[in-house]
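Chemist: Got a structure for you, questions after.
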Amino acid sequence: MTEKVEYWVKIPFGPIHPGLEEPEKFILTLDGERIVDVDVKLGYNLRGIQWIALRRNYIQIMYLAERMCGICSFSHNHTYTRAVEEAGNIEVPERAEYIRVIIGELERIHSHLLNLGVLAHNIGYDTLLHLTWLAREKVMDTLEAVSGNRVNYSMVTIGGVRRDIDEKKRRVIEEMIKYYKEAFPQIEEAFLHDPTIEARFRDTAVISKRVALEQGAVGPTGRGSGIRDDARWSEGLGVYPDLGIKPVMPQDVTGEKPRGDVFDRMAVRIGELWQSLELIEHALDAMPDGPIKTFPKDNVLYAKLRLMVDGEGIGRYEAPRGELVHYVRGKKGSDKPLRWKPREPTFPNLFSVAKGVIGDQMADFVVAVASIDPCLSCTDRVAVVQDGKKKILTEKDLLKASIKKTREINPEIKGDPSPLGVGCVR
Amino acid sequence: MDVVSNVVYPVAGLLGLYAFVSLASLVWEGIDRKLVARMQRRIGPPILQPIYDFLKLASKETIIPNTANYMFRAAPILALATAIALLAYTPVGFEPILSGKGDVIVFIYLLTLISFFKVLGAVSSGNPYAKIGAAREAALMVSREPAMMLAIFTIMWRIGKLGVDKPFSMATFYQHNIWEIGTPMSFVGALILLYVFAVWLASEIEVGFFNIPDAEEEIAEGLLVEYSGRYLALLKLTKALKGYIAASLVVAIFFPWGISGYFGLSGLSANVVDLLFHTLKVFVVLFVVQSVFRAVTGRLKITQAVDFLWKNAFLASLIGSLLIAMEVIM
């Protein structure tokens with residue numbers, strides 16, 4: 001007679017929500033505060049980057065790749081460049097590789113500090129957010145001094161780097177290292193030994209090693225679950241092996257076995273802050289003299305790429321969020337790639353955390369999502385499959401669909417739906 | 001019956017008190033934001049920012065969701081009305097305007113009623129986030145009150161033994177206070193109860209650990225998610241008033257001393273001086289419990305917070321109450 005009645009409710013989490021940095025949608029099935037099921041809905045941040053890219057030449061795509069995401073702008077550019085270099089068999093001078101390491105690690109410090117601040121903010125610990133982001137200002141200033149920009153550094157070019165690190169810039173970086181040697185112990189203390197953080201992050205959104213392997217979790221998410229993998233280490237990328245790279249595991253930081261919870265992912269990031277600082281220090285010492293790019297002028301590079309890029313190339317790099325892969329296929333005689341496909345770390349990580357958070361509380365969800373440091377603007381893709389066939393939508397179809405949707409939402413809307421001008425001619 | 005002294009004076013006093021406390025509590029919000037900003041190495045908003053916010057919200061369009069029923073509109077007004085009525089029973093440096101035997105019950109009842117109306121308004125909005133917030137608020141409400149009620153009744157009962165006019169009235173704190181009991185054991189008990197009241201105050205004004213029903217990043221302001229315009233302004237004012245009133249209780253129990261006696265004042269001027277001094281004490285209490293607490297902690301989960309309130313605060317309340325009651329019982 002006494003049948004158990006379950007009062008489950010489905011609530012939308014996003015696309016716009018104060019706890020999310022970017023538009024992404026989750027349908028949560030809740031039993032009171034307990035999460036029963038998570039349904040991930042992607043596609044709110046699609047900008048058709050690949051479509052745009054196929055209408056640009058190799059050099060223009062570098063700047064496009066950089067603007068896919070605000071935080072890993074170096075990573076995308078760098079990985080794309082590596083893919084083109086592999087496709088065209090282009091040699092990179094050794095000094096350029098060292099400069100790439102320095103900029104990449106500076107970017108990692110800034111990305112990890114940002115994520116630590118976001119994590120603290122998501123549990124309402126705003127003091128920690130402000131102090132972490134205050135520390136982050138130093139690396140942003142350093143990046144500006146070195147590359148000229150705070151966000152889109154434009155340091156990498158195909159076959160080298162665009163700007164050299166001279167004595168003056170070197171002093172700026174050394175000053176930054178000195179600053180962080182004092183600041184990082186405070187950050188480490190605050191994040192690893194605070195009772196509130198421990199209470200909220202320990203055993204929250206546990207991704208077991210099996211789930212992480214199944215879903216292909218990468219980066220700090222995978223390492224937090226005990227997968228010893230780092231693209232810089234396993235690939236032997238560039239000059240990283242000379243600098244003594246090895247994956248940072250949670251046990252190196254906390255001294256305990258990895259549990260795969262939010263705390264472990266955070267601990268990996270804190271460990272990587274120290275590792276990045278060491279790598280920069282070593283790279284500055286070991287940097288040899290020499291040229292910084294293979295082709296001194298962009299017009300030469302453009303002409304050479306036309307002739308040299310033939311076949312396919314794959315670039316791998318450990319972005320702050322995990323392993324990033326770019327695939328480029330080119331044809332001799334054309335200045336445009338036939339195919340360019342980036343594969344972002346957020347995609348597998350998002351699904352592993354959606355599995356991991358089931359059974360936890362509603363309050364844990366936002367922390368769990370922030371703990372993988374999602375970057376949705378890199379991730380969103382679209383493929384339309386109708387009746388088992390792939391269909392390509394043109395601009396006209398999309399316009400028609402959006403007019404239809406607008407009429408559906410608000411039938412009384414006034415205004416002329418026909419596009420201004422000629423639209424995108426390319 | 002003297003109409004003037006029984007009706008006109010109390011009403012005028014209550015209105016004056018309401019005007020002063022609304023301003024003082026909103027200014028405190030501004031001071032709090034500024035102080036926390038300085039602790040976080042920010043500059044922070046101007047001190048009068050909450051007053052600007054209130055005025056601006058009051059002039060903005062109010063949007064009512066079409067899933068809401070009439071309680072959604074009534075709740076903010078009822079909550080504010082309850083807060084104003086509560087002011088008449090609040091010790092603010094002198095005896096409450098309306099004080100009688102056992103008015104502590106009325107005080108606790110009205111204080112809980114404010115939260116109750118907020119919950120009712122949130123549930124009536126039809127928003128799932130507001131419902132989660134309401135469930136959290138209700139869970140927190142039933143967990144934080146027992147510790148406080150046990151402590152306050154013990155203190156009042158013990159003070160009543162020292163001889164007062166009206167037992168179990170808010171006015172007793174100005175005749176005898178908890179430190180006058182004098183035995184070492186009761187001193188220790190009073191310190192423990194001070195901790196209990198600090199925890200209760202933090203959970204009542206929902207800061208730090210207990211910022212759970214309004215968790216902005218988790219459930220998008222929870223209880224307040226559908227409120228806008230005038231109703232939001234009323235709820236913000238109610239929240240500020242509630243903070244002042246709850247802190248007033250702590251001040252009245254533990255630090256009831258006035259300064260008008262030192263200046264030889266009497267009548268209205270004595271009341272004004274005591275009220276100002278009381279406000280200063282309220283600010284100091286709120287500085288410790290609100291500003292510092294919310295600067296050095298984050299939010300707990302609701303299960304952890306309920307655990308904390310029962311296993312820590314209620315236990316401490318039990319021990320403190322026993323220590324205070326010990327010598328009378330034995």
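Chemist: Among the listed residues B:V272, B:V284, which satisfies the condition of being surrounded by fewer than 19 Cβ atoms within 10 Å (Cβ to Cβ), more than 14 Å from chain A (Cβ to nearest Cβ) and more than 20 Å from B:I178 (Cα to Cα)? Talk me through it step by step, then tell me what you get.
Modeler: Details: B:V284 fails: more than 20 Å from B:I178 (Cα to Cα).
On inspection, the qualifying residue turns out to be B:V272.
Chemist: Only one of these is more than 14 Å from chain B (Cβ to nearest Cβ) and either charged (D, E, K, R) or over 24 Å from A:E235 (Cβ atoms) (or both): A:E91, A:E33, A:E21. Name it. I'd like the intermediate steps shown before the answer.
Modeler: Working: A:E33 fails: more than 14 Å from chain B (Cβ to nearest Cβ); A:E21 fails: more than 14 Å from chain B (Cβ to nearest Cβ).
On inspection, the qualifying residue turns out to be A:E91.
Chemist: Another one. Considering only the range B:164-172, I want to know if a residue exists there that is at pLDDT 90 or above and within 27 Å of B:G13 (Cα to Cα).
Modeler: At the first step, the residues of the range B:164-172 found to be at pLDDT 90 or above are none.
So far as the range B:164-172 goes, no, none of its residues is at pLDDT 90 or above and within 27 Å of B:G13 (Cα to Cα).
Chemist: If we keep just the residues of the range A:108-126 that are in a helix (DSSP H, G or I) and within 11 Å of chain B (Cβ to nearest Cβ), which is farthest from the chain's Cα centre (by Cα)? Write out each step before concluding.
Modeler: Narrowing the range A:108-126 to residues in a helix (DSSP H, G or I): A:108-122, A:126.
Next, from what is left, pick out any that are within 11 Å of chain B (Cβ to nearest Cβ): A:118-122, A:126.
Values: A:V118: 15, A:L119: 16, A:A120: 19, A:H121: 20, A:N122: 19, A:D126: 24 Å.
Out of the qualifying residues, it is A:D126.
One line per residue, one yes/no per condition, for (1) modelled with pLDDT of 90 or more; (2) assigned to a helix (DSSP H, G or I); (3) surrounded by 15 or more Cβ atoms within 10 Å (Cβ to Cβ); (4) small (G, A, S):
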site: B:I51; (1), (2), (3), (4): yes, yes, yes, no
site: B:I63; (1), (2), (3), (4): no, no, no, no
site: B:A81; (1), (2), (3), (4): yes, yes, yes, yes
site: B:L98; (1), (2), (3), (4): no, no, yes, no
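Chemist: Give just the number: which of (1) out of contact with any Ser or Thr (no Cβ under 9 Å at 6 or more places or on another chain); (2) at pLDDT below 90 does A:T132 not satisfy?
Modeler: With (1) out of contact with any Ser or Thr (no Cβ under 9 Å at 6 or more places or on another chain); (2) at pLDDT below 90 applied to A:T132, the lone miss is (2).
Chemist: Now for a separate question. Determine which single condition A:L129 fails, assuming it passes every other condition in (1) within 14 Å of chain B (Cβ to nearest Cβ); (2) under 24 Å from A:P288 (Cα atoms).
Modeler: (2)
Chemist: Looking at B:I219, B:I205, B:I212, B:I259, which one is surrounded by fewer than 18 Cβ atoms within 10 Å (Cβ to Cβ) and in contact with a helix residue (DSSP H, G or I) (Cβ under 9 Å, 6 or more places away or on another chain)? Please lay out each step first, then the result.
Modeler: On the way: B:I219 fails: surrounded by fewer than 18 Cβ atoms within 10 Å (Cβ to Cβ); B:I205 fails: surrounded by fewer than 18 Cβ atoms within 10 Å (Cβ to Cβ); B:I212 fails: surrounded by fewer than 18 Cβ atoms within 10 Å (Cβ to Cβ).
Testing whether each residue is surrounded by fewer than 18 Cβ atoms within 10 Å (Cβ to Cβ) and in contact with a helix residue (DSSP H, G or I) (Cβ under 9 Å, 6 or more places away or on another chain) leaves just B:I259.
Chemist: Could you check the range A:250-262 and list, in sequence order, the residues that are part of a helix (DSSP H, G or I) and surrounded by 24 or more Cβ atoms within 10 Å (Cβ to Cβ)?
Modeler: Taking the range A:250-262 first, the residues part of a helix (DSSP H, G or I) are A:250-254, A:262.
The answer is A:P250, A:V262.
Chemist: Which of the helices (runs of 4 or more DSSP H) found entirely inside the range A:1-93 contain at least 1 residues meeting this: out of contact with any helix residue (DSSP H, G or I) (no Cβ under 9 Å at 6 or more places or on another chain) and at pLDDT 85 or above?
Modeler: Fully inside the range A:1-93 and qualifying: A:73-88.
Chemist: Right, here's the next one. Give the residue that is farthest from the other protein chains (Cβ to nearest Cβ), with candidates limited to residues of the range B:37-46 that are in a loop (DSSP other than H, G, I, E, B) and surrounded by fewer than 16 Cβ atoms within 10 Å (Cβ to Cβ).
Modeler: Of the range B:37-46, the ones in a loop (DSSP other than H, G, I, E, B) are B:40-46.
Pick out the ones that are also surrounded by fewer than 16 Cβ atoms within 10 Å (Cβ to Cβ) and you get B:41-43, B:45-46.
Numbers: B:R41: 6, B:R42: 6, B:I43: 11, B:P45: 14, B:P46: 19 Å.
Going through the qualifying residues, I end up with B:P46.
Chemist: I'm trying to understand the selection: among the residues of the range B:293-319, which are within 14 Å of chain A (Cβ to nearest Cβ), buried (at least 21 other Cβ atoms within 10 Å of the Cβ) and under 15 Å from B:L140 (Cβ atoms)?
Modeler: Listed by number, the residues that qualify are B:R299, B:L300, B:K301, B:I302, B:A305.
Chemist: Further question: It is to be established whether one or more residues within the range A:145-153 are within 14 Å of chain B (Cβ to nearest Cβ) and either in contact with a Leu (Cβ under 7 Å, 6 or more places away or on another chain) or assigned to a helix (DSSP H, G or I) (or both).
Modeler: The first filter runs over the range A:145-153 and keeps only residues within 14 Å of chain B (Cβ to nearest Cβ), leaving none.
So far as the range A:145-153 goes, no, none of its residues is within 14 Å of chain B (Cβ to nearest Cβ) and either in contact with a Leu (Cβ under 7 Å, 6 or more places away or on another chain) or assigned to a helix (DSSP H, G or I) (or both).
Chemist: For the range B:107-136, which residues satisfy the criterion of being β-branched (V, I, T) and either under 14 Å from the mean Cα position of the chain (by Cα) or not in a helix (DSSP H, G or I) (or both)? If you could, list the steps in order and put the result at the bottom.
Modeler: Going residue by residue through the range B:107-136, those that are β-branched (V, I, T) are B:108, B:112, B:114, B:119, B:123, B:132.
Once the filter is applied, which keeps residues that are β-branched (V, I, T) and either under 14 Å from the mean Cα position of the chain (by Cα) or not in a helix (DSSP H, G or I) (or both), the range B:107-136 yields B:I108, B:T112, B:I114.
Listed here are the residues, each with its yes/no results for (1) away from chain A (no Cβ under 14 Å); (2) within 30 Å of B:D274 (Cβ to Cβ); (3) not small (G, A, S).
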site: B:I84; (1), (2), (3): yes, yes, yes
site: B:G93; (1), (2), (3): yes, yes, no
site: B:I114; (1), (2), (3): yes, yes, yes
site: B:G121; (1), (2), (3): yes, no, no
site: B:R136; (1), (2), (3): no, no, yes
site: B:M149; (1), (2), (3): yes, yes, yes
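Chemist: Exactly one condition in (1) in contact (Cβ under 8 Å) with a residue 40 or more places away in the chain; (2) outside any helix (DSSP H, G or I); (3) surrounded by fewer than 24 Cβ atoms within 10 Å (Cβ to Cβ) is not met by A:L284; state its number.
Modeler: (2)
Chemist: Just one of the numbered conditions (1) surrounded by fewer than 16 Cβ atoms within 10 Å (Cβ to Cβ); (2) touching an Asp or Glu at 6+ places or on another chain (Cβ under 7 Å) is not true of B:Q290; which one?
Modeler: (1)
Chemist: What residue, of B:E221, B:E216, is within 14 Å of chain A (Cβ to nearest Cβ) and without any contact (Cβ under 8 Å) to a residue 24 or more places away in the chain? Spell out how you get there, then give the answer.
Modeler: On the way: B:E221 fails: without any contact (Cβ under 8 Å) to a residue 24 or more places away in the chain.
Just one listed residue meets the conditions, B:E216.
Chemist: Would you call B:S248 assigned to a helix (DSSP H, G or I), more than 30 Å from B:S59 (Cα to Cα), under 19 Å from the mean Cα position of the chain (by Cα) and more than 14 Å from chain A (Cβ to nearest Cβ)?
Modeler: yes
Chemist: Only one of A:L350, A:L324 is in contact with a Cys (Cβ under 9 Å, 6 or more places away or on another chain) and modelled with pLDDT of 85 or more. Can you tell me which? Give the steps one after another, and end with the answer.
Modeler: Details: A:L350 fails: in contact with a Cys (Cβ under 9 Å, 6 or more places away or on another chain).
After ruling out the rest, the residue left standing is A:L324.
Chemist: While we're looking at this one, here's another question. Mind telling me which of the residues A:R228, A:R200 ends up being within 19 Å of A:D364 (Cα to Cα) and basic (K, R)? So that I can check it myself, show each step before the final result.
Modeler: Details: A:R228 fails: within 19 Å of A:D364 (Cα to Cα).
When all the criteria are applied, what remains is A:R200.
Chemist: For the range B:110-128: of the residues being touching a Ser or Thr at 6+ places or on another chain (Cβ under 8 Å) and farther than 11 Å from B:M141 by Cβ, which is surrounded by the fewest Cβ atoms within 10 Å (Cβ to Cβ)?
Modeler: Among them, the one singled out is B:G126.
Chemist: Which numbered condition in (1) in a helix (DSSP H, G or I); (2) surrounded by fewer than 17 Cβ atoms within 10 Å (Cβ to Cβ) is the only one that A:L350 fails?
Modeler: Failed condition: (2).
Chemist: When the residues of the range B:178-190 are narrowed to those that are in a helix (DSSP H, G or I) and loosely packed, with under 13 Cβ neighbours inside 10 Å, which ends up farthest from the chain's Cα centre (by Cα)? Before you say what the answer is, go through the steps one by one.
Modeler: First pass over the range B:178-190, keeping only residues in a helix (DSSP H, G or I): B:178-181, B:184-190.
Filter once more, so that each one left must be loosely packed, with under 13 Cβ neighbours inside 10 Å: B:180, B:184.
Details: B:E180: 25, B:P184: 29 Å.
Here the answer is B:P184.
Chemist: Would you mind stating whether B:M156 is under 17 Å from the mean Cα position of the chain (by Cα), part of a helix (DSSP H, G or I) and among the aliphatic types (A, V, I, L, M)? Steps first, please.
Modeler: Values: under 17 Å from the mean Cα position of the chain (by Cα): no; part of a helix (DSSP H, G or I): yes; among the aliphatic types (A, V, I, L, M): yes.
Here the answer is no, as B:M156 does not meet what is asked.
Chemist: I would also like to ask the following. Just to be sure I understand, how many residues within the range A:210-228 are part of a loop (DSSP other than H, G, I, E, B) and either within 14 Å of chain B (Cβ to nearest Cβ) or surrounded by fewer than 16 Cβ atoms within 10 Å (Cβ to Cβ) (or both)? Talk me through it step by step, then tell me what you get.
Modeler: If we filter the range A:210-228 for residues that are part of a loop (DSSP other than H, G, I, E, B), which is where we start, we get A:216-218, A:225-228.
Now drop any that are not either within 14 Å of chain B (Cβ to nearest Cβ) or surrounded by fewer than 16 Cβ atoms within 10 Å (Cβ to Cβ) (or both), which leaves A:228.
Within the range A:210-228, residues that are part of a loop (DSSP other than H, G, I, E, B) and either within 14 Å of chain B (Cβ to nearest Cβ) or surrounded by fewer than 16 Cβ atoms within 10 Å (Cβ to Cβ) (or both) number 1.
Chemist: If you don't mind, there's one more thing I want to ask. So which residues in the range B:226-256 are crowded, with 22+ Cβ neighbours inside 10 Å and more than 22 Å from B:F20 (Cα to Cα), if there are any at all?
Modeler: Residues satisfying the conditions are B:E226, B:Y227.
Chemist: With the structure loaded, tell me whether B:L201 is aliphatic (A, V, I, L, M), within 24 Å of B:K56 (Cβ to Cβ), modelled with pLDDT of 80 or more and part of a helix (DSSP H, G or I) or whether it fails that test. Working first, answer last.
Modeler: On the way: aliphatic (A, V, I, L, M): yes; within 24 Å of B:K56 (Cβ to Cβ): no; modelled with pLDDT of 80 or more: yes; part of a helix (DSSP H, G or I): yes.
So B:L201 fails the test.
Chemist: Please verify whether the range A:202-209 includes one or more residues that are within 14 Å of chain B (Cβ to nearest Cβ), of a type outside the set (V, I, T), crowded, with 17+ Cβ neighbours inside 10 Å and touching a Leu at 6+ places or on another chain (Cβ under 7 Å).
Modeler: no
The values are calculated or read from the model by the stated rules, or taken from the named source; none is laboratory data. Treat the numbers as computed from the prediction; the structure is a model and nothing was measured. Positions of Cβ are backbone-derived with ideal geometry, glycine not excepted, and every protein chain shown enters the neighbour counts.
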